[in-house]
1. Can you bin segment 40-130 into rounded, prolate or oblate? Criterion: square roots of the alpha carbon gyration tensor eigenvalues sorted a ≥ b ≥ c, rounded for a/c under 1.5, prolate for a/b above b/c, oblate for the rest.
2. Sequence-distant or interchain residues sharing an amide H contact under 5 Å with THR113, placed H: which?
3. Using Cα pairs under 8 angstrom and six or more residues apart, how large is the relative contact order of the chain, in percent?
4. Gaussian network model of the chain, Cα springs within a sub-10 Å range: biggest mean-square fluctuation belongs to which of TYR31, TYR86, TYR95?
5. Taking amide H atoms as placed 1.01 Å from N in the peptide plane, list the residues 5 or more away in sequence, or in a different chain, whose amide H sits under 5 Å from that of ASN27.
6. Taking Cα atoms, how many degrees apart are the long axis of helix 28-43 and the longest axis of the chain, rounded to 10 and kept between 0 and 90?
7. Within segment 136-151, whose backbone N sits under 12 Å from a point 7 Å along Cα→Cβ of SER107?
8. Over 10 Å intervals from 0, what percent of Cα-Cα pairs in the chain sits in each interval?
Amino acid sequence: MPNLVDNNTQIPAARVKMNDDATGFVNRPWYHWFFNTYIALEAGRRYGSFYSTTTFTPAAINTAYEITFNNTYTRADGSDLTYGVYIGAVTSRIYVDNTATYNFQFSAQLHNTAGGTKRVYIWPRINGVNVDDSATEVTLTGGSNDAIVAAWNFVLNLRKDDYFELVYSTSNVNVSIPYVAASAPVPAIPSVILTVTSSVGV
């Protein structure tokens, strides 16, 4: 929980009544406790849900490419399903507006566009710097159009205004991360889906 002045998220002493006898309203110590507890909890409630309709194809092997995102999932009322987490002007960058520990969960469908074995590497960056010891290798085998889904998560601590990027590299250019249009009864398949949630952190 964030540090707050005078430790005023501590529950007032038992001798402090909840309500003021004269006014009937909540006593000031209890008001401060409720208010600051709400602020502390709200500070950790950050989330966002994003996806890409771009098909990603590497132009060169052994080269790092950032995944870009061009859509945000929506709530029932049509508004963006985000709070404090957002796509930046550079659309590979997912920014956070609060210091916290974030869970970045993604799925990416990888296609083999020609026969043979290919390796795909995926890892996170924070503020343009690779996260140490974070990459995973995925192997594509078989013929053209064979596909697998890469899906896992990263739990990372970010500070206010930091940004996260999802990066990939391949051993062969005959690989794609495709967007697939809707075809009844199946809805469209995003190339990459990313969800972000937070917990209170420092």
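1. Prolate.
2. ASN145, VAL175, SER176
3. Reported as a whole number, the value is 30 percent.
4. TYR31
5. ASN19, ASP20
6. Computed tilt is about 0 degrees.
7. Within reach of a label on SER107, which here means backbone N under 12 Å from a point 7 Å along Cα→Cβ, segment 136-151 contributes 149-151.
8. 8, 28, 26, 17, 10, 7, 4, 1, 0
Read-outs: derived from the displayed coordinates by stated rules, not from any lab. Not measured: the values here are computed from a predicted model. Virtual Cβ from ideal backbone geometry, glycine too; neighbours counted across all protein chains shown.
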